[in-house]
Amino acid sequence: MSASALLRVEAAPPETWVERYGDYLYGYAMSRLHAPEPAADCVQETFMAGIKALDRFDGSRDIKFWLRGIMRHKIVDEIRKSVKEKKVDIDTQGETRFEGSWNQYSAAATSDASSWQFNPRKGCDNNEFWEIFDECIEQVKNPAHDVFILRVLEDKSADEVCRIMNITPNYLWVLLHRARLQLKVSFEAKWTGKDAK
């Protein structure tokens, strides 16, 4: 028997998915969407899509992670739907103004070498790190929040994020920069115990 055959994972039957993976997938969706109803909808749609595509499950990884892969697409669809319904909360004139500022001051904005008060790379394996991260990302306002989720957490290309959000590449970088700055300030305050709350 080959090593690859030994590594195959059996799929848990679909009737057990809600009990086995429901909380995990709901937590994952909430960490991206921060809205209970859309997160629950994503879980339901993920299970339905998983059942339809079960014949394509190849057993190369745990089905929980296979379902999470399906969910990532559902989250992007939810963000896209949200953008279409609400539109990005800035008008064209405002976007042009932000882009102009970004082009004028981007070197200063991106070369700010103010160091973190702790090393975030060393905290990545810590559960507390991710709990604080979830709190902090929730505080980032839209559209910067959705752009950060799509580009950084969901690893979508810049072009794809621009299409989903209906924004220009320059404005994408403005929003990413804004999200990162907000995360840095919020994260440092919570991680070092200097949170003003």
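The values are calculated or read from the model by the stated rules, or taken from the named source; none is laboratory data. Computed from a predicted model, the values in this text were never measured in an experiment. When we count neighbours, we look across all protein chains shown, and the Cβ atoms used for this are built from the backbone with ideal geometry, even at glycine.
Below are the figures for this structure:
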quantity	calculated
Selected residue (only one of 60, 82 is polar (S, T, N, Q) and more than 24 Å from the chain's Cα centre (by Cα))	60
Residue match in the stretch 30-48 (condition: modelled with pLDDT under 75 and of a type outside the set (Gly, Ala, Ser))	no
Residues satisfying the stated conditions in the stretch 136-171, i.e. more than 23 Å from residue 68 (Cβ to Cβ) and of a type in the set (Asp, Glu)	159
